[in-house]
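Taking it in order: structure first as structure tokens, then the write-up.
The values are calculated or read from the model by the stated rules, or taken from the named source; none is laboratory data. None of the values given here were measured: they were computed from a predicted structure. Virtual Cβ from ideal backbone geometry, glycine too; neighbours counted across all protein chains shown.
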Amino acid sequence: MPSDYDKQQWQAEQAARDSVLEKQRERERKTRERAARNARRKLERLHRTLSEKGEITEFEDEFGESVVERLDKFGSAFHDREKGRPGDALSFAQKRVVAAMNKKVKELKKKPTENHDAASSNSANDYERTADRWKNQNGKKRGSSFKSKKKKNFTPRVRNLEDDMVESESTEAFIPKYHPPEITDKPKKPFLRIVKND
């Protein structure tokens, strides 16, 4: 009887563990799919923007098409697990390329267009510049309470030894005089003493 009960208890515990593992696998699968969708959407948007602006390179064009194709087919754009984390859709190197493309798109958006310049010149008189609002009545800028974050130039604390030297008045080199030791008539004490043991 006890062996049947132990077997049933073990089977129930195993079923509970399996259901928890299955839920975890399902969450990980959904996370991977979501990461792949986000990466695909971002890459398509960057590819489309660069193509419209005419600033896409041949490498970026091939990279975008091949990565989107792999994301659609496999759900991940890399196979070797040493090149990225298991839940990621793009490897570390692919993320760097996408970041470079994103930076390029942002720089292109910052460039002013001719239409924008014409519109801004018409409305230039309609508003007061922010810098002008911060000026006093005298026309001088108000002082800021923020301290500058610029670091001061580093100057090492070094002592020059030549400053401490005293210059002598004479230009001749100092030569000490030799004084020979005095000779005395006293006999020298013996160096070695002999002790007798009785």
Failed criterion for Ser91 (all others in (1) polar (S, T, N, Q); (2) surrounded by 10 or more Cβ atoms within 10 Å (Cβ to Cβ); (3) touching a Lys or Arg at 6+ places or on another chain (Cβ under 9 Å); (4) at pLDDT below 80 hold): (4)
Whichever residue in the stretch 57-88 is hydrophobic (A, V, I, L, M, F, W, C) and touching a residue at least 12 places away in the same chain (Cβ under 8 Å) and, among such residues, is surrounded by the most Cβ atoms within 10 Å (Cβ to Cβ): Ala77
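Taking the residues in the stretch 1-50 that are aliphatic (A, V, I, L, M) and in contact (Cβ under 8 Å) with a residue 12 or more places away in the chain as candidates, determine which candidate is farthest from Leu90 (Cα to Cα). Outline the logic, then answer.
As a first pass, look at the stretch 1-50 and keep what is aliphatic (A, V, I, L, M): 1, 12, 15-16, 20-21, 35-36, 39, 43, 46, 50.
Remaining after also requiring in contact (Cβ under 8 Å) with a residue 12 or more places away in the chain: 35-36, 39, 43, 46, 50.
Working: Ala35: 9, Ala36: 8, Ala39: 7, Leu43: 11, Leu46: 15, Leu50: 20 Å.
Filtering the stretch 1-50 for residues that are aliphatic (A, V, I, L, M) and in contact (Cβ under 8 Å) with a residue 12 or more places away in the chain, the one farthest from Leu90 (Cα to Cα) comes out as Leu50.
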Candidate set from the stretch 50-69 (those that are within 17 Å of Arg40 (Cα to Cα) and hydroxyl-bearing (Ser, Thr, Tyr)); member that is farthest from the chain's Cα centre (by Cα): Ser51
Only listed residue being assigned to a helix (DSSP H, G or I), over 19 Å from Met101 (Cβ atoms) and more than 27 Å from the chain's Cα centre (by Cα), chosen from Arg37, Arg29: Arg29
